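Heads up, the thing below is written out as structure tokens.
Rule-based calculations on the coordinates, nothing more; no lab input. This one's a predicted model, so the numbers in the text were calculated from it and none came from an experiment. Here the Cβ positions follow ideal geometry from the backbone for every residue, glycine too, while neighbour counts run over all protein chains shown.
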Amino acid sequence: MSQEQFRPDRQLSDRRSSGRRSSGGPSNVNSTLSIIIAVLAVLLGFFILRDIRTGSNSTQTLPAATQDTVATTETSLVEVPVATTIVMTAFKVQIANASGIAGSAGQLTTELQGRGFIVQPAMNKSEITPKQTVTVVYYLLGSEAAAAAVAKELGGVAVAAMPAPIPTETGGLGEASVLIVLGTDIAGIPLLPSAAAVAPVVPVVPVVPVVPVAPTTTTG
């Protein structure tokens, strides 16, 4: 009898304890989910904050190397004009007579020397060079500006690079870097005065003396 009385009580206590365990299950699950959500929120906020800081730094601050490159590029785009002055004594000129007019190359040599150019003794054209009707100033590489100055002094004749072979009777230029192949267009004709030598012309008004006229009297 005693054993049968205790069995229902044990069954009742087991039911109560199992009921308590089953009732505590959902609260534990909710707590776990809350912790997981909190951790995820913290991690998400950390990554968002890091991206914002990285983006702001990349847009506001340029590396030192980039800043130096920009400054160098802006400087290289600035063009500064450089004035060049041709010194007539810094190069030598050679005249080859291709006009067929005797003495014309020597005459031109004297005129250019009188204007400050260094001119070597005149010579004739080569045998294979035909007679020229147009004067041309030829230049060696690097003497383009000097040839242009000589051509301007001759009245604006043509300028071209030095041909090969060189059209002189010796086939060379000596120490000259500019060659004038004299044609019939300016051979024997004196050069026009340079702009610096031209003086303004002042017209002279002749003075006419005034002769006084004596008054005349009439007798009646």
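General observations
- Taken over the range 135-148, the criterion of being surrounded by fewer than 17 Cβ atoms within 10 Å (Cβ to Cβ) and within 18 Å of Ile186 (Cα to Cα) is satisfied by Ala148 alone.
- Scope the range 108-135; condition closer than 17 Å to Ser194 by Cβ and out of contact with any strand residue (DSSP E or B) (no Cβ under 6 Å at 6 or more places or on another chain); matching residues: Thr110, Glu111, Gly114, Arg115, Gly116
- Qualifying residue in the range 124-134 (condition: touching a Leu at 6+ places or on another chain (Cβ under 7 Å) and either part of a loop (DSSP other than H, G, I, E, B) or crowded, with 20+ Cβ neighbours inside 10 Å (or both)): no
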